[in-house]
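The values are calculated or read from the model by the stated rules, or taken from the named source; none is laboratory data. Small disclaimer: the values here were computed from a predicted structure and weren't measured. Here the Cβ positions follow ideal geometry from the backbone for every residue, glycine too, while neighbour counts run over all protein chains shown.
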Amino acid sequence: MIRKFALPTVLLATAVLPATASAAPRMEFAIQDDAVFVDQRWMARDRALEHARALGTKRIRVNILWARTLVSGAEQRTPPAEGAQYDFSKVDALQAAAAAHGIKLQLTVTGPAPAWATKDGKVGANQPDPVKFAAFVRTVAAHFKGRVDRYSVWNEPNLSAWLAPSRTAPQQYRALYKAAYTAIKTVDPRSKVLFGELAPNRDGRTIAPLKFIRAAAPRNARLKADGLAHHPYQFTVAPTRKTGGPEDAPISQLPRLIRTLDQLAKIKGLSTPKGKGLDLYLTEFGYLSAGNRAISQSARATWLRSAYTVVRSNRRVKQMLQYQLVDGTPDQLWHTAIIDNHGRPMGAYAGLAKAAASLVH
């Protein structure tokens, strides 16, 4: 049952900012919540878009999951005889509704891959075929041409759950990225393509992002991108406190990530089409309210405001994205939302509203 509540006072206050500000924000504020905006779980889409617009949202990120958009045949070991057919109707509906609120989409084309496109013949992340992926990406770009102008390629390729095995993941990603970049630019040359969507830290399943980027884009690889998409989570430490290993890139270590990108541009490994180091698009961020890394609502509010202060001071950051708007039920895996499962703003809501408002200059 969907419950409707009045927009909170702090949100109503920030809602007028876009109308009164004469200049566009230097940095975009964005949101992702596929469960809400695409599948309409936890909250009706129109209600969620009201919150998004009032927060000053410029973009909504959506993951386009290769195997899960197939109409049929994801489990087959050979492609469907009639050719792969995809269903983008939910994203189509979101794009139209978001556009009515003045909000654009950006799409991450990613796995899991269908069984007929993986090395082990199973739906998943095991060595997806770059040629078959490119065909999928061309379909996506052609379908959304004129309505979507920004894409990123593969979600968290430095995490083995998304791309495996880890020992070859950087090389795999290079091939997937090159194929997807060419496919998108061929179909829609004006659209922008982001490299990365990287997880921020090394752990048992994740390659440290700086190590991953260098391996994926070595000297003279000549990869081109319109920016780097990155997930600079720093869950249990204030964003102003430096943390992480020497190859990690949480929010407190963005300068080292930028230095790495500038170095790669100089050695012609990865750069903009003009040969410059990539700017940053921080396409997932938030603080957990449940689990062993949860912090209090007051700390979440304070740290969110602090995090946005950090990124505002860095002119290479072009976007900051709040991951999750509405919290799912307790059995859900992830809890970085700012509205609870009953539609009530959490304590962190006010912190994010103030932080998002700070991006308007």
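Structure above, values below:
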item	result
Failed item, numbered, when Ala249 is tested on (1) among the hydrophobic types (A, V, I, L, M, F, W, C); (2) touching a residue at least 24 places away in the same chain (Cβ under 8 Å); (3) in a helix (DSSP H, G or I)	(3)
Among (1) assigned to a loop (DSSP other than H, G, I, E, B); (2) closer than 30 Å to Arg300 by Cα; (3) in contact with a Pro (Cβ under 8 Å, 6 or more places away or on another chain); (4) not polar (S, T, N, Q), the one test that Asp226 misses	(2)
Residues being in contact with a helix residue (DSSP H, G or I) (Cβ under 9 Å, 6 or more places away or on another chain), touching a residue at least 60 places away in the same chain (Cβ under 8 Å) and either under 21 Å from Lys104 (Cα atoms) or not in a loop (DSSP other than H, G, I, E, B) (or both) - total across region 280-301	0
Given (1) buried (at least 18 other Cβ atoms within 10 Å of the Cβ); (2) part of a loop (DSSP other than H, G, I, E, B), index of the condition Arg214 fails	(2)
Unique match (being touching a residue at least 24 places away in the same chain (Cβ under 8 Å) and aliphatic (A, V, I, L, M)) among Val109, Val71	Val109
Any hit, region 273-281, residues being under 21 Å from Arg53 (Cα atoms) and either in contact with a Ser or Thr (Cβ under 8 Å, 6 or more places away or on another chain) or at pLDDT below 95 (or both)	yes
Members of region 234-257 found to be among the β-branched types (Val, Ile, Thr) and touching a strand residue (DSSP E or B) at 6+ places or on another chain (Cβ under 8 Å), listed by number	Ile251
Test for Pro170: is it farther than 20 Å from Gln32 by Cβ, surrounded by fewer than 24 Cβ atoms within 10 Å (Cβ to Cβ) and not aromatic (Phe, Trp, Tyr)	yes
Odd one out for Ile31, checked against (1) assigned to a helix (DSSP H, G or I); (2) of a type in the set (A, V, I, L, M); (3) under 11 Å from Ile103 (Cβ atoms)	(1)
Meets criteria (touching a residue at least 60 places away in the same chain (Cβ under 8 Å) and on the phi < 0 side of the Ramachandran plot) for Asn341	yes
Region 62-84, residues that are β-branched (Val, Ile, Thr) and either modelled with pLDDT under 90 or part of a loop (DSSP other than H, G, I, E, B) (or both)	Val71, Thr78
Residues of region 162-206 that turn out to be closer than 17 Å to Thr110 by Cβ and in a loop (DSSP other than H, G, I, E, B), as a count	5
Counted residues, region 229-245 - those being in contact (Cβ under 8 Å) with a residue 12 or more places away in the chain, of a type outside the set (Ser, Thr, Tyr) and part of a loop (DSSP other than H, G, I, E, B)	9
Residues located in region 134-161, provided they are touching a Phe, Trp or Tyr at 6+ places or on another chain (Cβ under 6 Å), crowded, with 22+ Cβ neighbours inside 10 Å and in a helix (DSSP H, G or I)	Phe136
Residue pairs meeting the criteria (Cβ under 8 Å; at least 6 apart or on separate chains; first over 17 Å from Val153 (Cα atoms), in region 197-215; second aromatic (Phe, Trp, Tyr) and part of a loop (DSSP other than H, G, I, E, B))	Asn201/Tyr233
Hits in region 218-227 (condition: of a type outside the set (Lys, Arg) and touching a Ser or Thr at 6+ places or on another chain (Cβ under 9 Å))	Leu223, Ala225, Asp226, Gly227
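Let's see how each residue does on (1) in contact with a Phe, Trp or Tyr (Cβ under 9 Å, 6 or more places away or on another chain); (2) more than 24 Å from Arg26 (Cα to Cα); (3) hydrophobic (A, V, I, L, M, F, W, C):
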| position | (1), (2), (3) |
| --- | --- |
| Val193 | yes, no, yes |
| Ala221 | no, yes, yes |
| Glu247 | yes, yes, no |
| Ile267 | no, yes, yes |
| Gly275 | no, no, no |
| Ser289 | no, yes, no |
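Residues are listed down the side, and each one gets a yes or a no for (1) crowded, with 19+ Cβ neighbours inside 10 Å; (2) under 15 Å from Tyr233 (Cα atoms):
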site	(1), (2)
Leu254	yes, yes
Pro273	no, no
Asp279	yes, no
Ser296	no, no
Arg300	yes, yes
Arg316	no, no
Asp340	no, no
